[in-house]
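Just so you know, all these numbers are worked out from the coordinates, no wet-lab data involved. What you are looking at is a predicted structure, and each value in this text was computed from that prediction instead of being measured. A quick note on method: Cβ atoms are made from the backbone with ideal geometry, for glycine too, and the neighbour counts reach across all protein chains shown.
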Amino acid sequence: MTHFVFQLHAQDTLQLSLQQADNIFLKNNFYILAASFNIDAQKAQILQARLYPNPFITAEFNAYDPENNKLFHSGREGQKGFQIEQLVVLGGKRKSEIEIAKTNARIAEIEFEQLVVNLKYRLHTQLYLCGLQHLLLGKYDAQLSLLDSLLHSYQVQVDKGNIALKELVRLKGTFLKLNNDRAELFREYLSGQSELQK
């Protein structure tokens, strides 16, 4: 099982396996991602497409009957009216709407799944990159330590006249180049660490 080591700003060390990182990622982001794709809303559209439209019912009463001088005359002789409207969908339109809603819901689910796969890939890539950079930083430190002791030995030999000064200068140039490369790698490592902590 691969483990990754992360240096936090308080100089704490956190070790995670890839599976643990996946679990933390999904735990912290799953519902946010699902909400962005409105998965539940898409499923509600399927249910709504299955339902028949509600009927419209209207009733009319005469508020004042001028012939009989009565208010709200709704008896046998009063004027009243009722109306019921129901939309009837023909030609398989309702079935088509259900299929469209199902297709839209499936598309949203597929897009969501694809996003999760892509984000997990980015997470894994960043984890491996940070792990590799951590190992490389250790190797740079070991090489710089060896070069530093070698520089000290060369300085002693130059002072004694056993080695030419240009050899010491060449070695110092190599040390500076290696140190600059390490500094650049360390900046990339810190950038990757901050990306993982977002």
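Filtering segment 118-165 to residues that are among the polar types (S, T, N, Q) and in a helix (DSSP H, G or I) leaves 118, 125, 126, 133, 143, 145, 149, 153, 155, 157. Screening the candidates 143, 155 for the property of being free of Cβ contacts under 8 Å to residues at least 24 places away in the same chain and surrounded by 14 or more Cβ atoms within 10 Å (Cβ to Cβ) yields one hit, 155. Cβ-Cβ contacts under 8 Å between residues 6 or more apart (or on different chains), taken from a first residue in segment 79-103 that is surrounded by 10 or more Cβ atoms within 10 Å (Cβ to Cβ) to a second residue that is of a type in the set (Gly, Ala, Ser), are listed as 80/59; 80/74; 94/49; 97/49; 98/49; 100/49; 101/49.
Scanning segment 104-123 for residues that are under 16 Å from the mean Cα position of the chain (by Cα), farther than 22 Å from residue 186 by Cβ and touching a residue at least 60 places away in the same chain (Cβ under 8 Å) yields 108, 109, 111, 112, 115, 116, 119, 120. Considering 173, 131, 138, the condition of being in contact (Cβ under 8 Å) with a residue 24 or more places away in the chain and of a type in the set (Gly, Ala, Ser) is satisfied by 131 alone.
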